[in-house]
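Enquirer: Got a structure for you, written out below as structure tokens; questions coming shortly.
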Amino acid sequence: MDVQKIRSDFPMLQGGKLIYFDNACTTLKPKQVIDAQTEYYSTYSACSGRSAHHLSKKTDEETAKARETVAKFIGAKQTEILWTKNTSEAINLVAHSLDFSQRKKVVLTNMEHHSALLPFMHLAEKGTIKTEFALAGKDGTFTDDAFSQSIDKNTALVVVHHTTNSTGNPSPYREIVKIAHENGALVLIDAAQGAPHHKIDFKKEDFDFLAFSGHKMLGPTGIGCLVGKSHLLEKLNPFMLGGGTIETVSLSGMKLHSLPDRFEAGIQNYSGILGMAAAANYLMKIGMENIEKYEQELDAELVAAIRQISGAQIYGNTNAKGRSALVSFSLKNVSAHQVALMADSLSQIALRSGLFCAQPAMEHMGAPKGAVRASLYLYNTKDEIRIFKETMEKIAKLA
Amino acid sequence: MICFIALFVFGVLSIFSAKYRPFARQAFDCTFRRLTLRPCNTTLEEEVKSKTVAALLPKSEKLAHFTNKHWDAITWAFTLIMIASLAYSLLGILNYVYYGNCNGPNSTGFCIYGDLFGNGASNPSQLIAPTSLAGIQKGNSNASVTVVEFGCYTCPYTKAAEPSVQKLLAEYNGSILFVYKHFPLPNHNNSYAAALSAMCAADEGKYWEYRSALFERQGEFRANGNATFYSIASSLSLQNFTSCFQNSTHKAELDAQITQGIYSRIYGTPTFFVNGKPIVAPATYDELANPVKEALANSR
């Protein structure tokens with residue numbers, strides 16, 4: 001993997017000293033993605049699936065290709081890809097469309113992002129479902145029996161992360177799928193942090209639903225996916241209808257479109273779809289296995305660097321297998337926000353500070369006031385980690 | 001505590017530029033919460049602290065560490081200084097409204113509001129030529145051109161103008177009448193005593209020598225006062241200096257000169273009047289000499 005060649009594709013990495021370590025929040029965009037979006041807006045900007053003119057047909061063709069690309073990227077069929085605004089909307093789509101009349105129990109974990117927690121907690125507050133939480137240990141990882149105790153024959157759905165945004169560790173999703181399916185429960189995987197960094201095969205993993213975003217995998221903001229097994233998507237009750245979602249309608253009734261159209265009401269984010277497909281193509285061209293391997297090298301380097309900083313405390317088990325290059329940490333007697341602000345001022349290092357939209361997880365791991373998060377991606381380098389370490393050492397001395 | 005300062009600073013800046021308004025809002029919110037004994041929930045204070053410490057770190061690690069460690073105390077100090085400064089400014093405004101001068105009644109100190117509002121004394125066009133020639137005189141008493149200087153021995157600008165004065169006196173000896181009027185600045189240590197002492201030296205015909213020594217030892221007498229005056233007097237062998245100075249023999253005369261200065265609306269020293277035309281703190285010899293040349297030419 002030629003990292004310098006990859007870096008040359010990113011306009012924001014040209015000519016400056018930016019060290020972008022906030023990839024778990026959103027990633028930088030390569031020119032291939034920007035070009036795909038610009039091309040749509042500058043050469044064939046039109047509606048898809050509605051008009052008969054050549055621009056509309058071109059939009060039809062390109063968005064269909066985009067769906068095919070993203071389906072290939074995630075190991076699913078084209079009809080199993082539903083465009084959403086982002087991961088949050090994809091999870092909400094399942095929360096509000098799945099039938100909970102027969103089974104009301106939804107199992108989540110205390111390590112989930114708010115986007116996975118809140119839709120179901122809200123339904124529980126309204127009495128639509130009952131939630132139960134599988135609890136991680138203080139290091140953010142799960143014991144073997146954490147899920148077998150929670151998932152039972154009353155469980156309708158298990159909602160779990162592929163990779164947490166707070167420690168970079170994967171959940172034991174294969175065991176979870178096995179336990180859930182043995183109990184007749186469905187599994188919704190929050191792959192917002194997993195899909196950009198790991199090769200995921202939706203079909204092979206036997207996931208029921210999977211949600212991820214474009215902007216965390218080099219794509220544009222405002223576009224994401226819900227991936228679902230076709231027969232399960234067929235059973236979902238669309239909560240948002242509009243232009244493009246029905247075959248016929250009269251004042252006496254309507255006939256919904258087939259998948260995936262019935263879930264995509266109104267004019268879609270075409271440039272976002274095309275940008276996301278360009279990002280998926282970009283990643284597939286490099287190879288997700290290569291990216292995963294390179295990130296593991298970066299992760300080892302990053303963890304070692306932070307461990308050498310005086311007064312640094314790392315949250316989560318950094319020895320876990322299948323990690324992303326993501327570490328949450330704090331420096332003794334210097335607030336997380338100050339660390340991030342000073343890193344930006346001193347060395348133009350972009351870090352995230354706070355609770356990472358995972359307040360229960362951070363509180364559980366002993367960081368109720370938040371932490372600093374360094375999250376790396378395929379364009380980051382070991383040299384950047386060296387500068388990061390030097391900067392953190394300077395800040396740590398302030399304590 | 002920085003939010004108090006930020007509220008004032010960003011509040012003023014946001015009047016002129018919209019980009020500061022979010023900061024002003026944050027500062028207001030933070031200040032309000034602090035005043036109601038609640039923790040500030042904006043990141044403004046942390047941002048200011050982080051950027052300050054980060055700016056100091058490459059220059060001085062010790063200073064950065066000190067600032068980081070004692071941030072609260074430092075911001076408290078700045079807040080108190082700001083409150084004191086605001087109170088002082090308000091007092092100045094009140095004085096300006098009531099007495100026409102920020103420094104209170106009968107003060108001749110510099111007043112910025114005069115300049116800001118355009119009607120104060122800090123404007124040469126507002127100066128009024130003195131009607132009396134009382135003071136230390138030198139030159140031709142029948143000359144057609146009179147140069148009056150209002151000066152103060154403790155004033156660095158009066159000292160800076162002294163070479164020009166001496167050059168003028170040498171160049172136009174016999175052609176002009178030079179009058180020095182004492183106008184000791186009230187906010188300068190020992191300025192009044194220096195003027196009194198110089199008038200005592202004049203009694204014994206050693207004024208110009210004494211004046212020269214005063215300017216030479218300006219820093220010293222501002223700190224030491226009388227000791228320097230006696231030292232100069234001794235070096236000039238002034239016989240009656242001690243009794244003259246101790247009895248404040250020329251107090252009435254000096255006060256009269258100060259009153260004349262106030263009447264002339266003197267706002268800074270040195271101020272010269274060349275046949276009534278004012279020149280405030282000339283920076284070069286020509287600034288002082290050219291009006292003299294012009295006046296002499298006009299008088300022919």
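The values are calculated or read from the model by the stated rules, or taken from the named source; none is laboratory data. Source: prediction; values computed, not measured. Cβ coordinates were reconstructed from backbone atoms using ideal geometry, including for glycine residues, and neighbour counts include every protein chain displayed.
Enquirer: Quickly run through segment B:252-279 and pick out the residues that are in a strand (DSSP E or B), more than 18 Å from the chain's Cα centre (by Cα) and hydrophobic (A, V, I, L, M, F, W, C).
Expert: Of everything in segment B:252-279, those that are in a strand (DSSP E or B), more than 18 Å from the chain's Cα centre (by Cα) and hydrophobic (A, V, I, L, M, F, W, C) turn out to be B:273, B:274.
Residue-by-condition table, conditions (1) under 38 Å from the mean Cα position of the chain (by Cα); (2) assigned to a helix (DSSP H, G or I); (3) among the hydroxyl-bearing types (Ser, Thr, Tyr):
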position: B:22; (1), (2), (3): no, yes, no
position: B:30; (1), (2), (3): no, yes, no
position: B:39; (1), (2), (3): no, no, no
position: B:46; (1), (2), (3): no, yes, no
position: B:58; (1), (2), (3): yes, no, no
position: B:62; (1), (2), (3): yes, yes, no
position: B:68; (1), (2), (3): yes, yes, no
position: B:81; (1), (2), (3): yes, yes, no
position: B:88; (1), (2), (3): yes, yes, yes
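Enquirer: Is at least one residue of segment A:92-104 closer than 24 Å to residue A:241 by Cβ, in contact with a Lys or Arg (Cβ under 6 Å, 6 or more places away or on another chain) and in contact (Cβ under 8 Å) with a residue 24 or more places away in the chain?
Expert: No, every residue in segment A:92-104 fails to be closer than 24 Å to residue A:241 by Cβ, in contact with a Lys or Arg (Cβ under 6 Å, 6 or more places away or on another chain) and in contact (Cβ under 8 Å) with a residue 24 or more places away in the chain.
Enquirer: In segment B:71-95, which residues are of a type outside the set (Ser, Thr, Tyr), surrounded by fewer than 13 Cβ atoms within 10 Å (Cβ to Cβ) and under 18 Å from residue B:12 (Cβ atoms)? Before the answer, list the steps.
Expert: Start the filter on segment B:71-95 by keeping residues that are of a type outside the set (Ser, Thr, Tyr), which leaves B:71-74, B:76-78, B:80-84, B:86-87, B:90-95.
Applying the additional criterion that residues be surrounded by fewer than 13 Cβ atoms within 10 Å (Cβ to Cβ) yields B:72-73, B:77, B:80-81, B:84, B:86-87, B:90, B:93-94.
If the condition is that a residue be of a type outside the set (Ser, Thr, Tyr), surrounded by fewer than 13 Cβ atoms within 10 Å (Cβ to Cβ) and under 18 Å from residue B:12 (Cβ atoms), then B:81, B:84, B:86, B:87, B:90, B:93 are the ones that fit.
Enquirer: Can you run down the residue pairs with Cβ atoms below 7 Å, 6 or more apart or on separate chains, where the first is in segment A:3-32 and within 24 Å of residue A:272 (Cβ to Cβ) and the partner is in a helix (DSSP H, G or I) and of a type in the set (Lys, Arg)?
Expert: A:9/A:31; A:11/A:31; A:13/A:7; A:26/A:216; A:27/A:216
Enquirer: Take segment A:319-337 and flag every residue that is surrounded by fewer than 24 Cβ atoms within 10 Å (Cβ to Cβ) and either acidic (Asp, Glu) or farther than 30 Å from residue A:173 by Cβ (or both).
Expert: Once the filter is applied, which keeps residues that are surrounded by fewer than 24 Cβ atoms within 10 Å (Cβ to Cβ) and either acidic (Asp, Glu) or farther than 30 Å from residue A:173 by Cβ (or both), segment A:319-337 yields A:332, A:333, A:334, A:335, A:337.
Enquirer: Moving on to the next point. Among the residues of segment B:66-81, write down those that are within 12 Å of another protein chain (Cβ to nearest Cβ) and either within 17 Å of residue A:346 (Cβ to Cβ) or in contact (Cβ under 8 Å) with a residue 12 or more places away in the chain (or both).
Expert: Passing the criteria: B:67, B:68, B:71.
Enquirer: Next question, about the same structure. Residue by residue through segment A:19-57, note down the ones that are hydrophobic (A, V, I, L, M, F, W, C), buried (at least 16 other Cβ atoms within 10 Å of the Cβ) and over 24 Å from the mean Cα position of the chain (by Cα).
Expert: A:46, A:47
Enquirer: Modelled with pLDDT of 85 or more, crowded, with 18+ Cβ neighbours inside 10 Å and more than 14 Å from chain A (Cβ to nearest Cβ): is that true of residue B:7 in this structure?
Expert: So residue B:7 fits the description; yes.
Enquirer: Scanning for something under 22 Å from the mean Cα position of the chain (by Cα), of a type in the set (Val, Ile, Thr) and either surrounded by 16 or more Cβ atoms within 10 Å (Cβ to Cβ) or at positive phi (or both), does segment A:147-154 turn up at least one residue?
Expert: No, segment A:147-154 contains no residue that is under 22 Å from the mean Cα position of the chain (by Cα), of a type in the set (Val, Ile, Thr) and either surrounded by 16 or more Cβ atoms within 10 Å (Cβ to Cβ) or at positive phi (or both).
Enquirer: Could you tell me how many of the residues in segment A:117-171 are among the basic types (Lys, Arg) and within 22 Å of residue A:206 (Cα to Cα)?
Expert: Number satisfying all stated conditions: 1.
Enquirer: Among the strands (runs of 3 or more DSSP E) contained in segment A:187-275, which hold 2 or more residues that are of a type in the set (S, T, N, Q)?
Expert: Here the list reads A:246-250.
Enquirer: List the strands (runs of 3 or more DSSP E) inside segment A:295-399, counting only whole elements, that have at least 3 residues being touching a strand residue (DSSP E or B) at 6+ places or on another chain (Cβ under 6 Å).
Expert: Counting at least 3 such residues, we get A:312-315, A:326-331, A:371-375.
Enquirer: Here's a follow-up. Which numbered condition in (1) within 14 Å of chain B (Cβ to nearest Cβ); (2) in contact with a helix residue (DSSP H, G or I) (Cβ under 7 Å, 6 or more places away or on another chain); (3) modelled with pLDDT of 95 or more is the only one that residue A:334 fails?
Expert: In the conditions (1) within 14 Å of chain B (Cβ to nearest Cβ); (2) in contact with a helix residue (DSSP H, G or I) (Cβ under 7 Å, 6 or more places away or on another chain); (3) modelled with pLDDT of 95 or more, residue A:334 misses (3) alone.
Enquirer: Still on this structure: Of the residues A:88, A:97, which is within 30 Å of residue A:179 (Cα to Cα), within 17 Å of the chain's Cα centre (by Cα) and buried (at least 17 other Cβ atoms within 10 Å of the Cβ)?
Expert: Exactly one of A:88, A:97 is within 30 Å of residue A:179 (Cα to Cα), within 17 Å of the chain's Cα centre (by Cα) and buried (at least 17 other Cβ atoms within 10 Å of the Cβ), namely A:88.
Enquirer: Taking segment B:35-65 only, how many residues are more than 8 Å from chain A (Cβ to nearest Cβ) and surrounded by 15 or more Cβ atoms within 10 Å (Cβ to Cβ)? Explain how you work it out, then say what you get.
Expert: Our first condition is that a residue be more than 8 Å from chain A (Cβ to nearest Cβ); within segment B:35-65, this holds for B:35-42, B:44-45, B:48, B:52, B:56, B:59-60, B:62-63.
Keeping just the survivors that are surrounded by 15 or more Cβ atoms within 10 Å (Cβ to Cβ) gives B:40, B:42, B:44-45, B:48, B:52, B:56.
Qualifying residue count, segment B:35-65: 7.
Enquirer: Name, by its number, the condition in (1) more than 20 Å from residue A:72 (Cβ to Cβ); (2) of a type in the set (Gly, Ala, Ser); (3) touching a residue at least 60 places away in the same chain (Cβ under 8 Å) that does not hold for residue A:250.
Expert: With (1) more than 20 Å from residue A:72 (Cβ to Cβ); (2) of a type in the set (Gly, Ala, Ser); (3) touching a residue at least 60 places away in the same chain (Cβ under 8 Å) applied to residue A:250, the lone miss is (3).
Enquirer: Hey, does segment B:164-181 have a residue that's touching a residue at least 60 places away in the same chain (Cβ under 8 Å), surrounded by fewer than 19 Cβ atoms within 10 Å (Cβ to Cβ) and in a helix (DSSP H, G or I)?
Expert: So in segment B:164-181, the residues touching a residue at least 60 places away in the same chain (Cβ under 8 Å) come out as B:164-165, B:167-168, B:171-172, B:175-176, B:181.
Within this subset, residues satisfying the condition of being surrounded by fewer than 19 Cβ atoms within 10 Å (Cβ to Cβ) are B:167, B:171, B:175.
From what's left, in a helix (DSSP H, G or I): B:167, B:171.
The answer is yes, given that some residue of segment B:164-181 is touching a residue at least 60 places away in the same chain (Cβ under 8 Å), surrounded by fewer than 19 Cβ atoms within 10 Å (Cβ to Cβ) and in a helix (DSSP H, G or I).
Enquirer: Name the one entry in A:295, A:301, A:289 that is more than 14 Å from chain B (Cβ to nearest Cβ), touching a residue at least 24 places away in the same chain (Cβ under 8 Å), touching a helix residue (DSSP H, G or I) at 6+ places or on another chain (Cβ under 7 Å) and acidic (Asp, Glu). Give the steps one after another, and end with the answer.
Expert: Working: A:295 fails: touching a helix residue (DSSP H, G or I) at 6+ places or on another chain (Cβ under 7 Å); A:289 fails: touching a helix residue (DSSP H, G or I) at 6+ places or on another chain (Cβ under 7 Å).
None of the others qualify; the one that does is A:301.
Enquirer: Same structure, new question: Quick one: would you say residue B:144 is modelled with pLDDT under 90 and surrounded by fewer than 20 Cβ atoms within 10 Å (Cβ to Cβ)?
Expert: So residue B:144 fails the test.
Enquirer: OK, next. Within segment B:227-251, which residues are within 25 Å of the chain's Cα centre (by Cα), surrounded by 15 or more Cβ atoms within 10 Å (Cβ to Cβ) and in a helix (DSSP H, G or I)?
Expert: Correct list: B:228, B:229.
Enquirer: Does segment A:351-366 contain any residue that is more than 14 Å from chain B (Cβ to nearest Cβ), more than 18 Å from the chain's Cα centre (by Cα) and among the small types (Gly, Ala, Ser)?
Expert: Scanning segment A:351-366, I find at least one residue that is more than 14 Å from chain B (Cβ to nearest Cβ), more than 18 Å from the chain's Cα centre (by Cα) and among the small types (Gly, Ala, Ser), so the answer is yes.
Enquirer: For segment B:252-300, which positions are basic (Lys, Arg) and surrounded by 13 or more Cβ atoms within 10 Å (Cβ to Cβ)?
Expert: Correct list: B:265, B:277, B:293.
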